[in-house]
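Below is one structure, written out as structure tokens; the observations come after it.
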Amino acid sequence: MNRIASRRGRVLALALAGVSFLSVAAASAGEISVWVWDKAFNGDTMREAGALYTADHPDVTFNVDDTASQDDIRAKLQTQLLAGSTEGLPDIVLIQDDIAQKYLQSFPGAFEPLSDSIDMSLFAQYKVAAATVDGKSYSVPFDSGVTGLFYRSDFLQEAGFTAADLKDITWDRLIEIGKVVKEKTGKPLLDLDLNDTGVIRMMMQSAGEWYFNADGSLHITDNAALKKAIETYAKFYQNDLVKPVSGWAEYTGAFTSGEVAVVPVGVWITATIKANADQSGKWAIAPIPRLDIDGAVNASNQGGSSWFVLSSSDNKEETVDFLKTVWAGNDDFYQDILIKRGAVGSLLSARNGDAFKASDDFFGGAPVWQDFSTWLSQVPSVDYGTFTSEVDAAVQAQMPGIIAGGDIDAALQAINDQAQQQMQ
Amino acid sequence: MTFALVRRGLIYALLSLAAFISIFPFYWMVVGATNTSAEIIKGKSSIGSALITNAMAFFSQVDAVRIFWNSGVIAIVGTILTLAVSSLAGYGFEMFRSRIREKLFGFLLLLLSIPFAAMMVPLFVMFSQAKLVNTFTAAILPTVASIFIIFYFRQATKAFPRELRDAAKIDGLKEWQIFLYVYLPVMRSTYAAATIIVFMANWNNYLWPLVVLQTADNKTITLILSGLTAAYTPDYGLILFGTVLATLPTLIIFFLLQRRFVEGMLGAVK
């Protein structure tokens, strides 16, 4: 019996020993590690930037990790920064602009200020503003979320509208056009997901407003742009111009399969639309409509992200030099990622390159990139603050009531109250 | 007579509905693995011809051998250790009387109500100080003393005949020998059921491995699947193919231990 027992003991000991194998060592010196969340878009773009730098600096290598989702990256970053442990964090991390202030203000000192070494005036200013705290900018802007009104020119034509009819219009005018399109073609104007506040946010930003005042306090009940945006959003539903969808797959599925006439969205959707080669020539892009209030422009933003350098990086000097050389200095690189990845960067001088001047037959031969870069320079800067996602949740909670015809002032008050509670 | 028939019909209708609700997502997953992303979005629910394409795409994007090895090691070693530690604790709680036993047990059950997310940051600090971040050890250790499994074993031990222990004692067996040679064989159904529960929990574990496993080559299949779904243009065919693969190990373990699982849930002691 003892013999058996000792054998079992040995098995257990082996199992225990098996668990304790240590794994890969931390990033070696001379290796710049980067966290990104989409292999084909920001992953391959960063790999390409790395290859350009390595060609001139053979001692620097890159390790781009694209295996985590954006939510995963946020969870990891937040846990580690809260725990005060920087072990295993990358040198560069990609962060979406509307959450940047939260990280910068919650974890002072965790990120490296870059405005001392890199000239921030080279980039679209609203992107720089999103990552600026106390006069210091902490990011190198990456992709722009400059918006456009993507539309099916064939449907609009059938309803009797030309490109000129969609140029620099208001959202109210778009609703009038939508009614005619619905009547003539039977297609709803657009597809909307009630759990996504993207359209409301882009309307609000086109008027230079956001959820917050300059001092960080809530700007909801007295926010004329937000009120107008919510009213407009409700009108889409009340005029029966919406195909309701739920989730990303349905959202993209509706417009890529020709079920709706227009898509107001960030430029990063281009690749998804162009993936349907059979629709070539049937799409066109107009400037995003503006809100019918003072100061609103036909340019806005949705999403977009930037590169941040962690202060814990062992290779700070190389990392900053890399960002400066490639991301803030190489116009040709931006032509390349535009053609290959459909990535519209935020470096203003890049628009003078050949790729940005080219026209695109998919969009009826229009110089779409030149258009987007024009709009990019007009996007109003807003302060995304630290609680955007909390207010978003409060807005979402009110949307079902609002589209059913609920009182908007009461809804704004409810949004204000819920957000207030969350922010404490 | 007719009443009995109607009743029976109703029961069958209800059971069929329940079966459909449980089986449909599974069916959808398997069928989705054979369709292209565009077909899945359109809602196609019949077998398609894209299985090979999806498989090739999956294996070219994911280092499958490595990832499944990681998941496998964490799940298997984790299961063995959890069963060893938690069944011992359950045995101890039931067999040894003490004045603070119930209070201690109640306190443990109370701990069940703390969400893991609340313990994550302090846990990370601990593992970081122990220089164990980004190791399998870190992924496994926090799950080893599972309060639920301790509770489960204690409940099952209530049905374990004390006479067996007394008899073994008279024969001169020490406590650890009783545990190994009397208790363990008698409780094998309980162990089988616990194996399935623990293996599944470890295999599917998400939040903690996400935070503690940092480099791409240490990640588990759940983390990789989550990363795939988050791309700007997700390839649903590829994702569902990966999901089917990720489901297989749990399925195999379940079918292997199915008979004992049912016995274990019923608390049978033979």
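The values are calculated or read from the model by the stated rules, or taken from the named source; none is laboratory data. Here the structure is a predicted model, which means the values were calculated and not measured. FYI the Cβ positions are ideal-geometry reconstructions off the backbone, even for glycines, and counts take in every protein chain you see.
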- Item | Wholly enclosed strands (runs of 3 or more DSSP E) of the stretch A:192-305 bearing at least 3 residues modelled with pLDDT of 95 or more and within 14 Å of A:Leu174 (Cα to Cα) | A:262-266
- Selection count, the stretch B:31-54, where residues are among the β-branched types (Val, Ile, Thr), part of a helix (DSSP H, G or I) and buried (at least 16 other Cβ atoms within 10 Å of the Cβ): 4
- Query: Quick check: anything in the stretch A:127-136 buried (at least 23 other Cβ atoms within 10 Å of the Cβ), basic (Lys, Arg), modelled with pLDDT under 95 and out of contact with any Cys (no Cβ under 7 Å at 6 or more places or on another chain)?
  - Reply: yes
- Message: Quick check on A:Asp59: is it of a type in the set (D, E, K, R), surrounded by fewer than 23 Cβ atoms within 10 Å (Cβ to Cβ) and closer than 26 Å to A:Ser206 by Cα?
- Response: no
- Message: Out of everything in the stretch A:63-86 that is among the hydrophobic types (A, V, I, L, M, F, W, C) and buried (at least 19 other Cβ atoms within 10 Å of the Cβ), what residue ends up being farthest from B:Val212 (Cα to Cα)?
- Response: A:Val64
- Task: Might you let me know whether the stretch A:24-41 holds any residue that is in contact with a Ser or Thr (Cβ under 7 Å, 6 or more places away or on another chain), away from every other protein chain (no Cβ under 13 Å) and either at pLDDT 90 or above or assigned to a helix (DSSP H, G or I) (or both)?
- Result: yes
- Query: If you scan the stretch B:213-244, which residues turn out to be more than 9 Å from chain A (Cβ to nearest Cβ) and out of contact with any Asp or Glu (no Cβ under 9 Å at 6 or more places or on another chain)?
  - Reply: B:Thr220, B:Ile221, B:Thr222, B:Leu225, B:Asp235, B:Leu238, B:Ile239, B:Leu240, B:Phe241, B:Gly242, B:Thr243, B:Val244
- Here the residues within the stretch A:266-305 that are within 14 Å of another protein chain (Cβ to nearest Cβ), closer than 18 Å to A:Pro380 by Cα and either free of Cβ contacts under 8 Å to residues at least 40 places away in the same chain or touching a Pro at 6+ places or on another chain (Cβ under 9 Å) (or both) are A:Gln302, A:Gly304, A:Ser305
- Single match in B:Val144, B:Val198, B:Val133 (criterion: within 9 Å of chain A (Cβ to nearest Cβ) and surrounded by 15 or more Cβ atoms within 10 Å (Cβ to Cβ)): B:Val133
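Within the stretch A:199-224, take every residue that is of a type in the set (A, V, I, L, M, F, W, C) and within 21 Å of the chain's Cα centre (by Cα) and give me the one that is surrounded by the fewest Cβ atoms within 10 Å (Cβ to Cβ).
Once the filter is applied, the top-ranked residue is A:Ile200.
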- Query: Hey, does the stretch A:61-73 have a residue that's assigned to a loop (DSSP other than H, G, I, E, B) and either at pLDDT 90 or above or at positive phi (or both)?
  - Reply: no
- Task: Determine whether A:Asp331 is in the same structural domain as A:Lys228 (by TED's automatic domain parsing) and acidic (Asp, Glu).
- Result: no
- State which residue pairs qualify: first residue free of Cβ contacts under 8 Å to residues at least 24 places away in the same chain and inside the stretch A:120-133, second residue of a type in the set (Phe, Trp, Tyr) and not in a helix (DSSP H, G or I) in any location, beta carbons under 8 Å apart, and separation of 6 or more residues or different chains. A:Thr132/A:Tyr138
- Qualifying positions in the stretch B:76-93 - of a type in the set (Gly, Ala, Ser) and without any contact (Cβ under 8 Å) to a residue 60 or more places away in the chain: B:Ala84, B:Gly92
- Take the stretch A:210-222 and flag every residue that is closer than 17 Å to A:Glu390 by Cα and touching a residue at least 60 places away in the same chain (Cβ under 8 Å). A:Trp210, A:Tyr211, A:Phe212, A:Gly216, A:Leu218, A:Ile220, A:Thr221
- Output the number of residues of the stretch B:249-267 satisfying the condition of being among the hydrophobic types (A, V, I, L, M, F, W, C) and either at pLDDT 95 or above or surrounded by 14 or more Cβ atoms within 10 Å (Cβ to Cβ) (or both). 5
- Message: One residue is enough: does the stretch B:94-111 have a residue meeting the conditions within 13 Å of chain A (Cβ to nearest Cβ) and touching a residue at least 24 places away in the same chain (Cβ under 8 Å)?
- Response: no
- Task: Output the residues belonging to the stretch A:357-372 that are closer than 17 Å to A:Ser144 by Cα and either touching a residue at least 40 places away in the same chain (Cβ under 8 Å) or hydrophobic (A, V, I, L, M, F, W, C) (or both).
- Result: A:Val368, A:Trp369, A:Asp371, A:Phe372
- Task: Any chance you could count how many residues in the stretch A:64-92 are within 9 Å of chain B (Cβ to nearest Cβ) and basic (Lys, Arg)?
- Result: 1
